[in-house]
Amino acid sequence: MLDIKFIRENPDAVKRACELKGFTDYTDQILELDARVRELKTVTQSKTAEKNKITREIPTATDKAPLIAASKAIANEIANDMAELDEKEKQLTDLLHRVPQIPSDAAPIGRDDTENVEVRRVGTPREFDFTPRPQWDLLEMNGWWKPEKIASICGTRTYALFGEAAELELAIETYVLQKLMGKGFTFVSCPSITKPQTIFNAGHFMGTDPSVMANDVFMLTDTDRCLAGTAEIILNCLHSDEVLNEKDLPIKYAGFSPCFRKEAGAAGRDTRGIVRIHQFNKVEQYIYCTPEQSDEMHEHLLNNLCEVMEDLELPYRVIAACTGDMGFNKVKMNDVEAWFPSEGAYRELGSCSSIGQFQARRTNTRYRDKNGNMQFCATLNNTGIALPRAIVPVIENHQNPDGSINIPKKLQPLMGGRTKIGGKH
RNA sequence: GGAGAUGUCGCAUAGUUGGUCUAGUGCGCCACAUUGGAAAUGUGGUAUACCCGCAAGGGUAUCAAGGGUUCGAAUCCCUUCAUCUCCGCCA
């Protein structure tokens, strides 16, 4: 959420953000409610002050009855105003949670993902001197998956990897975690079960009505818990209600957790293969810093993911998401897409986001700056690596005619020194 | 899942027959004094959010959270949450 003071002072900037991002503009309603709320606060608070004064006189008064009566009378007046105040404040809070983060001036302006801008390409898609196989053929011929079997056991959009592919999955996770730890990230293995409030705090959803999550989030029946879609939401709450020291910033976390997505809006898309499933593992990069450090940290996070692409020896490109595609809570967003030979296209493997103070305001995560003033932290997040999706470009780009896969050099130590897997069937 | 205990201003604590508690004390921290410098000591200060105000300043709320009783709640009642101990179950 944004600071109400900022909205008060910069209504035009807020209106423009709503327009650029394609969200309903509630600015006028907010300002109206805000004015009324402040008016009611002024009235109720001065009446309360009056009542407190009378109340304090009662213990020592000789004739208590008139004072008690007076206090009661004021209490009744206050109650009426408070009822309206509560109501208006609720409405205001709900609307404040519907105001999008102001996008960066650097972000391209556009309506949806068709207007995203390619920032750069790194590496050249390999020219095969044979017909490359798609992920499903490679997984099949090497005995690395059993899609029908697993679907019959666990339902659609689930997966299991067997043998060397499972090893590869674990090796990639380990590789990325070790890389991030080497860059000062603290490894956190995160829970996947959480409270809905945790998800709200991340700012992916608008308003204060929990039912808006039902489409995207797996709720656990008969409990007040749900399955987390990403470790980001846990990491985002790690310092809620705390006051950090500026000298301790930035704080960097590498979260690892199973992630759960309903994928309700993706019916029919990516039904074949292991690109889009209900449960996957993800290493997530997360940073708390000062607003001044935010741009530098964004580049840091983005570069980390780019390095991972290069270590996995994948051709990739970096996208700048346009205002209409970046999402509700973001200042700016860069996607990193790897080359998928089977599709002849780049596809998203990670998404690097600057959130500004938007999440920290929801979680009440602050720091004391050099001058001793309280500030909200800025937060950023980026994928470290998401699996099994990342396996797809690895096996497709590094395949041989016999169906075997060359292991990227950096992964070889984690694969027992092997340079190649598969191709034996 | 069963039984019990606990939750106070950064930390540790005082406060439970409701009213000088707008929360005391110790430690920590900051400033000043003392000192050649430091330790020790002394004095003062030491939360956050919001409202009114140009400001100085004033006010409201917060003793885990929410609600209730009352003229008045840290103190009484209810609900929730968290922590600890024991039992049960279990990777």
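The values are calculated or read from the model by the stated rules, or taken from the named source; none is laboratory data. Owing to the predicted nature of the structure, the values given are computational and were not obtained by experimental measurement. Using ideal geometry, Cβ is built from the backbone for each residue, glycine included, and neighbour counts are taken over all protein chains shown.
Could you say which residue among A:VAL394, A:VAL331, A:VAL336 is more than 22 Å from the chain's Cα centre (by Cα), buried (at least 21 other Cβ atoms within 10 Å of the Cβ) and either charged (D, E, K, R) or at negative phi (or both)? Quick ask: steps written out before the conclusion?
On the way: A:VAL331 fails: more than 22 Å from the chain's Cα centre (by Cα); A:VAL336 fails: more than 22 Å from the chain's Cα centre (by Cα).
Checking each option against the conditions leaves just A:VAL394.
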Matching residues in region A:189-243 - criterion: being surrounded by fewer than 17 Cβ atoms within 10 Å (Cβ to Cβ), polar (S, T, N, Q) and part of a loop (DSSP other than H, G, I, E, B) = A:THR208, A:ASN215, A:THR221, A:THR223, A:SER240
For A:LYS247, are the conditions met, namely being assigned by TED's automatic domain parsing to the domain that holds A:THR158 and surrounded by fewer than 18 Cβ atoms within 10 Å (Cβ to Cβ)?
-> yes
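Which of the residues that make up region A:244-296 are assigned to a helix (DSSP H, G or I) and in contact with a Leu (Cβ under 9 Å, 6 or more places away or on another chain)?
Taking region A:244-296 first, the residues assigned to a helix (DSSP H, G or I) are A:246-248, A:264-266, A:291-296.
Those that are assigned to a helix (DSSP H, G or I) and in contact with a Leu (Cβ under 9 Å, 6 or more places away or on another chain): A:GLN293, A:SER294.
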Inspect region A:405-423 for any residue being of a type in the set (Gly, Ala, Ser), at pLDDT below 95 and surrounded by 21 or more Cβ atoms within 10 Å (Cβ to Cβ) and give the result as yes or no.
-> yes
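If you take the residues in region A:236-294 that are among the small types (Gly, Ala, Ser) and within 30 Å of A:ALA171 (Cβ to Cβ), which one is modelled with the lowest pLDDT? If you could, list the steps in order and put the result at the bottom.
Going residue by residue through region A:236-294, those that are among the small types (Gly, Ala, Ser) are A:240, A:254-255, A:257, A:264-268, A:273, A:294.
Cutting the leftovers down to within 30 Å of A:ALA171 (Cβ to Cβ) gives us A:254-255, A:257, A:266, A:273.
Numbers: A:ALA254: 97, A:GLY255: 96, A:SER257: 95, A:ALA266: 82, A:GLY273: 92.
Filtering first and then ranking leaves A:ALA266.
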Mind listing whichever residues of region A:1-55 are away from RNA strand B (no atom under 16 Å from the Cβ), under 25 Å from A:GLU84 (Cα atoms) and among the aromatic types (Phe, Trp, Tyr)?
-> A:TYR26
